[in-house]
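Remarks on the structure that follows.
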Amino acid sequence: MKKLISGWTLIKLYTILVYVWMFAPIVAVVILAFNPQQFGTFPMEGFSFKWFVKLSQNSTILDAFKNSLVLGSLTAVFATAIGVPAALAFIRYEFKGKEFLNTMLIAPIMIPEVILGVALLLFIRWLQQPKSFALLLIGHVVLTLPYVLLIVQARLVGIKREYEEAALSLGASPFQTFREITFPLLAPAIFAGMLFAFTISFDDVTATLFWATAQNQTVPVQIFSMLRTSISPEINALGAVMILLTVSIPLAAGYVARRFARGNTP
Amino acid sequence: MKEKPWKPWLLLSPSLTAVFLLLIVPVCFVVVYSFWLRAPSGMDIPAFQFGNYAKFFADSFYPVILLNTIRVALETVFICLIMGYIPAYFFYRTESRLKPFLMILVMLPFWISFIIRTLSWINILGDSGLINHLLLKYGMITTPLPMLYNEGAVIMGLIQYLLPFMILNIYVSLDGIDKSLTEAAQSLGCTEWQAFREVTLPLSLPGVSAGCLLVFVLTCGTYLPPMILGGPNNEMIANLIFKRVIGTLDWPFGSAISVILLLLLVIIVYTYNRYMGINQIFKSLSKG
């Protein structure tokens, strides 16, 4: 029995080490963002918000931020608008070729982004269209659609069909049923899908590098071009802001969703 | 209840149209384009010839990059497996109240910007990064160890990105195992280790293989880690495609390299699907 416990302790220790390894670089970025030194490296000499102030005056970054927010939001709206009906079809209906179509819609997750980037750009070039914001948006919708499908389908499985049937048999019209029953039950799934699409779009670099123009830079693409010159402490500050933003949004959303769910169930 | 047979198709049509027009057609275009001839100026010339492929295999330069990509992918898979199995097992067995919190922490990196996570390794491995800073400070070395811009650094960045996928895949598989099976094995006289080796480990293999496939495929298409953390010799196939297409505007050759990469992945995924079934991966991904 003694030996068994020590084995479990080793497993715990190992897990802790993996966590440390995973988070050390991220923590380092946040800490170094406050280092007032000219080079964003150790040792820390003092503590200041200097680089955050400098960042807030950098109009290129601010523009990129605005672009990223708009792009992410639009991507989220469009990807869920076409993804949710598809998820409904897969979960609620039986039809020929269902398995195959489901795999076909989700499989793009496995296609390298570089190839998606080349493919769409080549297609646009053949159509003799210039790169534009629309291309970026279309690309991001295609990129995020499989994830939206996966997330929404996983949530939909948990919603019982009987609720809708009960409403219909009690005399509600199909539209009323959708408005009063299906949609409120579906809302958390839609919300989760949108959030996921937003984050993926906000984060994406590889494919975006192919599609973005000088006017349509996103934050990650901007960071990428900043990296080419040197690693300035401004990047650490920007990294800290991004980490805070992308981590706090899902956490806050999770909290809101839980409150929301609690409000809905008696 | 009677269903209208066209209804699911109506619901599906926007997604199907989008994926068909914006993904399948463009990818077919890449295949077609890979046979074209490059024009010195203007539009490329439609043709059907294998010159672009011949160029790839003409000397060892390009094939070496392809082999490098495969080697790095295998190394990443192996290290992810070693680093990921034990934490996944920990989640499966632990009864700690902290478990949901720890699970969220594993998934947290999914939400953190990929480029930030990649470049964060510069702060750790660089000449004036954390490790060299500490080693210098305590007099263990006199000059900084060169830890950045090599294959090791690239793999570090890749693991940072892919480890959560591996842990989740293994965990989902482990979580489906009835714990009473191990208890039964132990009550029949197995030691803890024997019960793990004979019962738990074999039953977790679907998750292990799904994780390995996902990590391998995602590594093969990776662009950023070799770009940011690697040196000139650590280029991978995706970097090559980017350089040819965006750098030298050689669309036909860039397309041919894309097709080669795609073929490699299709063969691997197809083989996997034959023996294991691809749905295991989607099952785990939807938990993420």
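The values are calculated or read from the model by the stated rules, or taken from the named source; none is laboratory data. Nothing here was measured: the structure is a model prediction, and the numbers come from that model. All Cβ positions, glycine included, derive from the backbone under ideal geometry; neighbour counts span all protein chains shown.
Structural remarks
- Within the stretch B:86-104, the set of residues being at the interface with another protein chain (Cβ under 7 Å from one of its Cβ atoms) and of a type outside the set (Ser, Thr, Tyr) comprises B:86, B:87, B:90.
- Test for residue B:147: is it under 30 Å from residue B:234 (Cβ atoms), part of a helix (DSSP H, G or I) and under 29 Å from the mean Cα position of the chain (by Cα): no
- Spans of helices (runs of 4 or more DSSP H) in the stretch B:1-59 with at least 3 residues under 26 Å from residue A:108 (Cα atoms) and at the interface with another protein chain (Cβ under 8 Å from one of its Cβ atoms): B:7-19, B:25-33
- Reported count of residues in the stretch B:80-114, each being among the small types (Gly, Ala, Ser) and without any contact (Cβ under 8 Å) to a residue 60 or more places away in the chain, is 2.
- Which listed residue, of A:116, A:105, A:127, A:120, is touching a Pro at 6+ places or on another chain (Cβ under 8 Å), free of Cβ contacts under 8 Å to residues at least 60 places away in the same chain, over 30 Å from residue B:129 (Cα atoms) and within 11 Å of chain B (Cβ to nearest Cβ): A:105
- Condition met for residue B:229 (within 30 Å of residue B:32 (Cβ to Cβ) and under 23 Å from the mean Cα position of the chain (by Cα)): no
- Restricting attention to the stretch A:83-102 and to residues that are closer than 26 Å to residue A:191 by Cβ and not hydrophobic (A, V, I, L, M, F, W, C), the residue that is surrounded by the most Cβ atoms within 10 Å (Cβ to Cβ) turns out to be A:83.
- Scan the stretch B:189-224 for residues that are in contact (Cβ under 8 Å) with a residue 24 or more places away in the chain and closer than 30 Å to residue B:241 by Cα and the total you get is 15.
- Hey, residue B:161 surrounded by fewer than 23 Cβ atoms within 10 Å (Cβ to Cβ), aromatic (Phe, Trp, Tyr) and at pLDDT 85 or above or not: yes
- Output for the stretch B:150-178, where each listed residue is without any contact (Cβ under 8 Å) to a residue 24 or more places away in the chain and assigned to a helix (DSSP H, G or I): B:152
- One residue alone among B:26, B:14 is surrounded by 18 or more Cβ atoms within 10 Å (Cβ to Cβ) and at pLDDT 90 or above, and that residue is B:26.
- Listing of helices (runs of 4 or more DSSP H) fully contained in the stretch A:1-94 that carry 3 or more residues being at pLDDT 90 or above and away from chain B (no Cβ under 12 Å): A:59-92
- Test result for residue B:119, more than 8 Å from every other protein chain (Cβ to nearest Cβ) and part of a helix (DSSP H, G or I): no
- Options B:155, B:167: the member that is touching a Ser or Thr at 6+ places or on another chain (Cβ under 6 Å), among the β-branched types (Val, Ile, Thr) and surrounded by 16 or more Cβ atoms within 10 Å (Cβ to Cβ): B:155
- Pairs with Cβ under 6 Å, 6+ apart, first in the stretch B:253-265 and at positive phi, second of a type outside the set (Phe, Trp, Tyr) and part of a helix (DSSP H, G or I): none
- Qualifying residue in the stretch B:266-274 (condition: part of a helix (DSSP H, G or I) and of a type in the set (Phe, Trp, Tyr)): yes
- Index of the failed condition, residue B:111 passing every other in (1) at pLDDT below 85; (2) more than 30 Å from residue A:201 (Cα to Cα); (3) touching a Pro at 6+ places or on another chain (Cβ under 7 Å): (2)
- Residue within the stretch A:221-233 that is closer than 17 Å to residue B:117 by Cα and basic (Lys, Arg) present: yes
- Counting only helices (runs of 4 or more DSSP H) that fall entirely inside the stretch A:136-215 and contain at least 2 residues that are within 10 Å of chain B (Cβ to nearest Cβ) and surrounded by fewer than 19 Cβ atoms within 10 Å (Cβ to Cβ), the qualifying elements are A:161-169.
- Residues that are over 16 Å from residue A:23 (Cα atoms) and among the β-branched types (Val, Ile, Thr), drawn from the stretch B:156-194: B:170, B:172, B:177, B:182, B:191
- Residue-level check: of (1) free of Cβ contacts under 8 Å to residues at least 24 places away in the same chain; (2) crowded, with 17+ Cβ neighbours inside 10 Å; (3) facing chain A (nearest Cβ under 7 Å), residue B:128 misses just (2).
- For beta carbons closer than 8 Å, sequence separation of 6+ or different chains, a first residue in the stretch A:9-32 that is among the small types (Gly, Ala, Ser) and a second that is in a helix (DSSP H, G or I), the qualifying pairs are A:24/B:124; A:24/B:130; A:28/B:120; A:28/B:123; A:28/B:124; A:28/B:130.
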